[in-house]
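Undergrad: Submitted below is the structure of interest, expressed as structure tokens.
Any read-out appearing in this document is the output of simple, stated calculations on the displayed coordinates, not a laboratory observation. Quick caveat, the model's predicted, so the values are computed rather than measured. When we count neighbours, we look across all protein chains shown, and the Cβ atoms used for this are built from the backbone with ideal geometry, even at glycine.
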Amino acid sequence: MANRVLIGTRNSQEGIYVSRPGKNVLTCSDDELLFRMDDGASGTIKGLYQLQPISGTNSTSTTSVSAGATATVSITDFSWTNGVVPYALGSIGSGSAGGSISETMGFTFGTISTSSIQLTSTLSSGTLNVTLAASPVMFSGALF
Amino acid sequence: MANRVVIDSNGIKVSKPGQNVLTASNQNLIFDSTKVRTGQIYAGGTNLNLGDSSSNFLTTSSKANLGYIPLVCISEKNNGNRNFNSGVGWVSNISSWEFTSSTVKPVSFEPDPPNSGGTSGMDSAHINDGRNYASISTANEDATNVNYAVLRIPCAYGYMTSTYFG
């Protein structure tokens with residue numbers, strides 16, 4: 001069985017490393033690691049991608065937004081200093097965008113902070129049902 | 001307090017707060033080394049206004065190309081506009097993107113539906129760089145407030161094989 005877990009030195013850098021099944025954590029490539037700390041090679045790892053589900057304004061998992069309206073969804077217990085990235089899945093409860101635009105789901109994200117996310121429906125009638133999740137902004141720079 | 005971390009001959013598992021790692025189901029684990037890939041964030045961008053331009057995620061710290069098109073989780077301000085007019089349809093400010101092994105680029109496309117109803121053959125998608133489809137001229141086209149995270153997970157035809165997942 002391959003060595004899978006290393007708590008020690010790899011590429012002259014101490015840390016915790018976990019390899020894929022069947023891969024030797026001592027000798028495998030960076031791409032064959034499931035978990036690694038920055039080992040000083042050309043590639044860097046900024047963190048693990050994690051999402052936090054968000055409850056709606058009425059404490060249900062779905063936020064219903066009327067046509068043209070803006071909903072503010074509160075966020076608690078995140079403490080993400082660099083900010084929040086919102087993700088949304090939605091469907092049309094009823095209505096459409098109107099005009100020549102048909103059967104579309106439309107919304108824009110408004111002001112986003114570590115305490116709330118604003119979401120505006122671009123439908124001209126009916127309601128938009130949206131569920132939200134958020135992930136942390138991993139770095140303060142434009143690119144990282 | 002629940003057991004949160006287990007290290008044994010199979011590797012490492014870490015459970016969510018309040019979940020016993022020894023008995024937790026997969027959905028209650030935040031890390032499981034029996035899986036072949038995890039969501040390691042290799043690169044990304046924050047609050048970008050891309051317009052029609054692509055963003056190269058390898059430039060910062062001179063990152064090496066992963067050798068595959070990665071899975072990119074992306075979020076932007078505008079989400080949704082599928083427009084059908086006089087039998088011609090297009091998709092513009094829906095969050096549509098083109099991914100390469102080094103860039104993300106906003107795109108729009110015309111799904112080419114039939115002129116008189118029925119089902120589109122989708123035989124000509126007419127993918128365009130950027131969101132500037134000629135019949136739409138609102139600011140909603142632009143890719144603004146773009147945030148993305150490049151994960152070290154292959155996500156393209158020809159790359160989701162044992163070569164990369166074995």
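Undergrad: With a 10 Å radius around each residue's Cβ, average the other Cβ atoms per peptide and rank B:11-24, A:114-127, highest first. Walk me through the intermediate numbers first.
TA: Values: B:11-24: 16.2, A:114-127: 18.5.
In decreasing order of mean packing, B:11-24, A:114-127 become A:114-127, B:11-24.
Undergrad: Something else: What does the charge count around B:ILE7 come to, taking other residues whose C-beta lies under 13 Å from its C-beta (Lys +1, Arg +1, Asp -1, Glu -1)?
TA: +1
Undergrad: Next up: Would you tell me the mean number of C-beta atoms belonging to other protein chains that fall within 10 Å of each C-beta in A:18-25, as a whole number? Mind showing how you got there, number by number?
TA: Working: counts 7, 2, 9, 7, 2, 2, 0, 2.
Neighbouring Cβ atoms belonging to other protein chains average 4 per residue here.
Undergrad: Still on this structure: Considering every residue in B:42-55, what mean count of other chain Cβ atoms within 10 Å of its Cβ is obtained? All intermediate terms of the calculation are to be shown ahead of the outcome.
TA: Values: counts 8, 8, 11, 6, 11, 5, 2, 0, 0, 0, 0, 0, 0, 2.
Other-chain Cβ atoms within 10 Å of each residue's Cβ, averaged: 4.
Undergrad: Here's another thing I want to ask about it. Work through the residues other than B:ILE41 whose Cβ is under 9 Å from its Cβ and net out their charges, Lys, Arg +1 and Asp, Glu -1.
TA: On the way: positive: A:LYS46, B:ARG152; negative: none.
Cβ neighbours under 9 Å give a net charge of +2.
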